[in-house]
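Some notes on the structure that comes next.
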Amino acid sequence: MTSADAPRNAAADSLALAARAGIHRLQIPTPFLVGRVNCYLIDDEPLTLIDTGPNSGTSLDELELALGRHGRAIEDLELIVITHQHIDHLGLMEILARRSGAEVAALDLLTPYLERFRAGAAADDDFAQTVMRRHGVPEDMITVLGSVGAAFRAFGCSGHVARELRDGDMLELRDRKLQVLHRPGHSPSDTIFWDEQRRILFAGDHLLAHISSNPLISRPLRAAEGSSPTRPRALIDYIESMRATRELPAELVLPGHGDPIVDHVSLIDERFKMHQRRARKMLGLLASGPQTAYEIALTMWGNIAVTQTYLTLSEVVGHMDLLAADGRVREVEQGELVRFEAIA
Ligand SMILES: [Zn+2]
């Protein structure tokens, strides 16, 4: 055995531990850069699937094969649980529910979005365009991204949510109880499911082992309270959510992509340090004068792939929010454009 085998073996051990608890990881392909998405089959009553994969023939075929390897068919599913609003996690929801008669369960905040997915996703794209314009992304890039967004919508779907879950609710299966915990940050609807007895956490994209979960600037799902709707502070929300998750005595975290996580406290601490480092680096870049988030992103990452533009923009704005909260940076509005300025 070489040291390179160690992480793989650790993952195999963790997946074996999950399997003994009746939990099976099904890795479903997506057409997105992130690669495969993890769905989890829970062999319990009701027979439960956490997340579905995107709405595509390939994903459906592979999901069917994966269920078959555990002696199950789509028609056997009784409950479908959705962890958050992104299409790689929910796209097959409607097809699976129709074929199996399974009930769909999701956070109450997410229900209206799932029931009118296309309208919600189109509003998300409009919101993203406004954010990009404000933060200096060139107009031609915004146009290209608009058509990418419209094409991606085909991988989602709308569906009826029969079981609305509230933050703190207990989702009871025959052999286990899963506590529903709202952990916004990566998306406004991120929901994690905590099996306190087994110390197993279903984390969706709230925590991922090999890549940091991008705190995307997302359109708020609830109308902002008060008179002026403010831009959500996704990274600040995300850090607060991670702080809460850090307190859970989890032994095994099952994420929405990649391998299981066995030491979530170290992982979260690493993420905290990374965000501090990144914020410091970006603050340094402002020494030469006020800049837009897009200009900062270009200096940080050089030539950015078009599809990664929004993600990197979210990263920059998130760290500017952190610095602003510390009194290190302020926003300067110049017409339609926002620049960030270091406070001396
Ligand atoms: Zn995902």
field: Residues whose placed amide H lies under 5 Å from that of GLN179, excluding near-sequence neighbours
entry: LEU171, TRP194, ASP195, GLU196
query: Highest GNM mean-square fluctuation, the chain, Cα pairs closer than 10 Å: which of HIS160, HIS135, HIS210?
result: HIS210
- prompt: Which whole-number percent is the relative contact order of the chain (Cα, under 8 Å, 6+ apart)?
  reply: 14 percent
Distance (nanometres) between label positions extended 7 Å along Cα→Cβ at THR58 and ASP43: 3.0 nm
- request: Considering the options GLY22, LEU107, LEU49, tell which one lies farthest towards the positive end of the dipole of the chain, charges being +1 on Lys and Arg and -1 on Asp and Glu at the Cβ, about the Cα centre.
  value: LEU107
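Which peptide among 260-269, 98-107 comes first, and what is the full order, when sorted by highest mean count of other Cβ atoms within 10 Å?
Listed from highest to lowest mean packing, they are 98-107, 260-269.
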task: Report the Stokes-Einstein translational diffusion coefficient (µm² s⁻¹, integer) for region 212-344, Rh taken as the Kirkwood radius over Cα pairs, at 25 °C with viscosity 0.890 mPa s.
output: 150 µm²/s
Peptides ranked, highest mean first, by Cβ atoms within 10 Å: ranges 82-95, 275-288: 82-95, 275-288
field: Average accessible surface area per residue within region 231-321, 1.4 Å rolling probe, Å²
entry: 42 Å²
message: Explain nothing, just compute: Karplus ³J(HN,Hα) = 6.51 cos²θ - 1.76 cosθ + 1.60, θ = phi - 60°, for every residue of region 15-24 in order, whole Hz, x for Gly and Pro.
response: 5, 5, 4, 4, 4, 5, 8, x, 10, 10
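Hey, what D do you get for the chain in µm²/s if you plug the Kirkwood alpha-carbon radius into Stokes-Einstein at 37 °C and 0.692 mPa s?
Answer, rounded: 157 µm²/s.
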- prompt: When the accessible area of the chain is computed with all protein chains present and a 1.4 Å probe, what percentage of it is carbon and sulfur?
  reply: 50 percent
- prompt: Which angle from 0 to 90°, rounded to the nearest 10, does the C-alpha axis of helix 309-325 make with the longest principal axis of the chain?
  reply: 70 degrees
task: Can you tell me which of 243-249, 317-323 comes out highest on packing, and rank the rest after it, using the mean Cβ neighbours within 10 Å?
output: 317-323, 243-249
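Loop only by DSSP, 14 or fewer other Cβ within 10 Å of the Cβ. Give me the trypsin sites (Lys or Arg not before Pro) in region 134-181 that pass, ordered by residue number.
Loop-located and lightly packed - ARG166, ARG174.
The values are calculated or read from the model by the stated rules, or taken from the named source; none is laboratory data. All figures in this text were calculated on a predicted structure; none of them were measured in a lab. Every residue, glycine as well, gets a Cβ built from its backbone with ideal geometry; the counts of neighbours run over all protein chains shown. Side chains included, ligands, DNA and RNA excluded: accessible areas come from the protein's heavy atoms. Shrake-Rupley method; radii C 1.70, N 1.55, O 1.52, S 1.80 Å.
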